[in-house]
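Peer 1: Here it is: the structure, laid out below.
The values are calculated or read from the model by the stated rules, or taken from the named source; none is laboratory data. On a predicted model such as this, the values are computed, not experimentally measured, just so you know. For neighbour counting, all protein chains shown are included, and Cβ atoms are generated from backbone atoms with ideal geometry for every residue, glycine included. Accessible surface areas use protein heavy atoms only, side chains included; no ligands, DNA or RNA. Shrake-Rupley method; radii C 1.70, N 1.55, O 1.52, S 1.80 Å.
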Amino acid sequence: VQLQASGGGLVQAGGSLRLSCAASGRTLTIDTIGWFRQAPAKEREFVSAISWRGSRTGYVDSVKGRFTISRDNAENTVYLQMNDLKPEDAAVYYCAADPTPIWSTSARRYYYWGQGTLVTVSS
């Protein structure tokens with residue numbers, strides 16, 4: 001499975017961005033797609049995830065009500081709509097795929113990773 005993340009950029013606080021994660025290769029093996037982020041000098045943290053075939057979604061508390069994850073199976077793409085962005089949302093965002101049928105917010109369980117896309121939020 002190959003993952004290509006895109007959509008990052010520079011936005012003012014309160015603005016919006018939509019990240020995309022395009023999957024290719026053995027996409028039938030994917031169970032969950034997750035978004036993680038890593039700011040400088042901080043550990044990678046879970047942001048959101050969506051089941052590849054079902055309806056389950058999850059969010060870290062700090063983005064609930066502001067971020068929305070969705071998918072387009074026809075396009076093999078997962079989106080992360082980010083609204084009302086805050087300076088603390090600035091980070092490199094990574095999408096990752098978990099082939100195991102176990103819901104998880106731990107980066108250790110996600111086997112395939114994209115290259116990351118940078119989100120910068122100016123105050």
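Peer 1: I'd like the full set of residues that are touching a helix residue (DSSP H, G or I) at 6+ places or on another chain (Cβ under 7 Å) and of a type in the set (S, T, N, Q), limited to region 49-102.
Peer 2: Those that are touching a helix residue (DSSP H, G or I) at 6+ places or on another chain (Cβ under 7 Å) and of a type in the set (S, T, N, Q): 76, 100.
Peer 1: Oh, and also: Residues that are more than 14 Å from residue 32 (Cβ to Cβ), touching a residue at least 60 places away in the same chain (Cβ under 8 Å) and not charged (D, E, K, R): find the strands (runs of 3 or more DSSP E) completely inside region 46-123 holding 1 or more of those.
Peer 2: Those strands (runs of 3 or more DSSP E) span 77-82, 91-98, 117-122.
Peer 1: Residue 98 fails exactly one of the following numbered conditions: (1) of a type outside the set (Gly, Ala, Ser); (2) more than 16 Å from residue 114 (Cβ to Cβ); (3) over 11 Å from the mean Cα position of the chain (by Cα). What is the number of that condition?
Peer 2: (2)
Peer 1: While we're on this one: Any chance you could count how many residues in region 7-27 are of a type outside the set (A, V, I, L, M, F, W, C), part of a strand (DSSP E or B) and surrounded by fewer than 16 Cβ atoms within 10 Å (Cβ to Cβ)?
Peer 2: Of region 7-27, the ones of a type outside the set (A, V, I, L, M, F, W, C) are 7-9, 12, 14-16, 18, 20, 24-27.
This time we only want the ones that are part of a strand (DSSP E or B), so: 9, 12, 18, 20, 24.
Now restrict to residues that are surrounded by fewer than 16 Cβ atoms within 10 Å (Cβ to Cβ): 9, 12, 18, 24.
Qualifying residue count, region 7-27: 4.
Peer 1: Does residue 37 satisfy being part of a loop (DSSP other than H, G, I, E, B) and under 20 Å from residue 109 (Cβ atoms)?
Peer 2: No; evaluated as a whole, the condition is false for this residue.
Peer 1: Can you tell me which residue within region 28-73, out of those that are open to solvent by 20 Å² or more (accessible area, probe 1.4 Å) and among the polar types (S, T, N, Q), is nearest to residue 120 (Cα to Cα)?
Peer 2: 38
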